[in-house]
Amino acid sequence: MASLQQQTSLVIILMMMMITFFHISSVRATVYFVGGPNGWTPMFDTNGLTLDYTEWQSPRTFQVGDTLVFHYRPNEDNLIQVTHQDFERCNLDSPINLYISGYTKIILDKVGHYYFLCGYHCSQEQKLEIIVNPSPFPTTAPPPLSMPPTSQSNLPTSTAVNKYSSIFISIFIMALAYVFLY
C-alpha cells in the first residue's frame with residue numbers, strides 16, 4: 001500500500017497533468033492584421049514600385065482558427081474574396097464575398113486556399129493568397145475583436161499566445177513538480 005506522501009504526490013501530479021491539458025486545449029489562434037501598420041492598401045517599395053502582398057504573407061503560417069483583420073479606407077479600398085481563377089485575372093464579376101466597411105475580420109475556418117483582392121487596386125497587386133493549414137491543436141473561438149483602432153499606425157502585425165511555448169511551460173512545470181516531490 002502506498003504511503004500518504006506517495007498518494008499526495010500522485011494527486012498533485014494528476015492535477016498538474018489536468019491543468020496542462022486544459023491549458024494546451026485553450027491556446028488561442030493567431031489574429032493577423034493584414035498589411036501590418038499600413039493596413040489593406042496598395043504597397044510600394046522605396047522607389048515607388050508596386051509590391052504585392054506575398055512579402056507580407058511569406059513569413060507567416062496560417063492555420064484553421066486564425067483570423068485575418070483587414071483595415072482599409074472604405075471609399076478608396078474594398079475587400080473581395082474570389083476564386084483562384086478570378087484572383088489570377090483580377091476578375092471582379094463573380095465575388096464569393098464583398099466587404100466595404102473599412103474593417104473586416106475573416107476567420108479561417110477550413111484548410112485550403114483563400115483569395116482576396118481590392119476591386120480598386122488589383123492591377124497594382126493589392127491582392128492576397130492565403131494557404132490555411134490544419135491546426136495542430138483543437139481550435140477554440142478567437143477572442144472578440146474590439147472596435148478598429150483610430151490610427152492604423154497602432155495596429156500590430158499579429159497577436160497570439162505562442163502555441164508551442166505553452167506546451168513547453170506546462171512540461172517544465174510538471175518536471176519541476178516531479179523533481180520536488182521525489
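The values are calculated or read from the model by the stated rules, or taken from the named source; none is laboratory data. No experiment lies behind these values; they were computed from the predicted model shown. Here the Cβ positions follow ideal geometry from the backbone for every residue, glycine too, while neighbour counts run over all protein chains shown. To get the accessible areas, we keep the full protein, side chains included, count just its heavy atoms, and leave off ligands, DNA and RNA. Shrake-Rupley method; radii C 1.70, N 1.55, O 1.52, S 1.80 Å.
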field: In the stretch 32-89, residue most open to solvent (accessible area, probe 1.4 Å) [restricted to those that are among the hydroxyl-bearing types (Ser, Thr, Tyr) and in a strand (DSSP E or B)]
entry: 50
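Kindly indicate whether residue 9 is modelled with pLDDT under 70 and either within 22 Å of residue 136 (Cβ to Cβ) or surrounded by 11 or more Cβ atoms within 10 Å (Cβ to Cβ) (or both).
Considered against the rule, which asks whether it is modelled with pLDDT under 70 and either within 22 Å of residue 136 (Cβ to Cβ) or surrounded by 11 or more Cβ atoms within 10 Å (Cβ to Cβ) (or both), residue 9 comes out as yes.
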- prompt: Taking residue 90, is it free of Cβ contacts under 8 Å to residues at least 40 places away in the same chain and touching a Lys or Arg at 6+ places or on another chain (Cβ under 9 Å)?
  reply: yes
statement: Of the residues in the stretch 35-81, those that are among the acidic types (Asp, Glu) and either touching an Asp or Glu at 6+ places or on another chain (Cβ under 7 Å) or without any contact (Cβ under 8 Å) to a residue 12 or more places away in the chain (or both) come to 45, 52
Matching residues in the stretch 92-109 - criterion: being within 20 Å of residue 132 (Cα to Cα) and out of contact with any strand residue (DSSP E or B) (no Cβ under 7 Å at 6 or more places or on another chain): 109
query: Can you name the residue in the stretch 99-131 that is assigned to a loop (DSSP other than H, G, I, E, B) and touching a helix residue (DSSP H, G or I) at 6+ places or on another chain (Cβ under 9 Å) and, of all such residues, is modelled with the lowest pLDDT?
result: 125
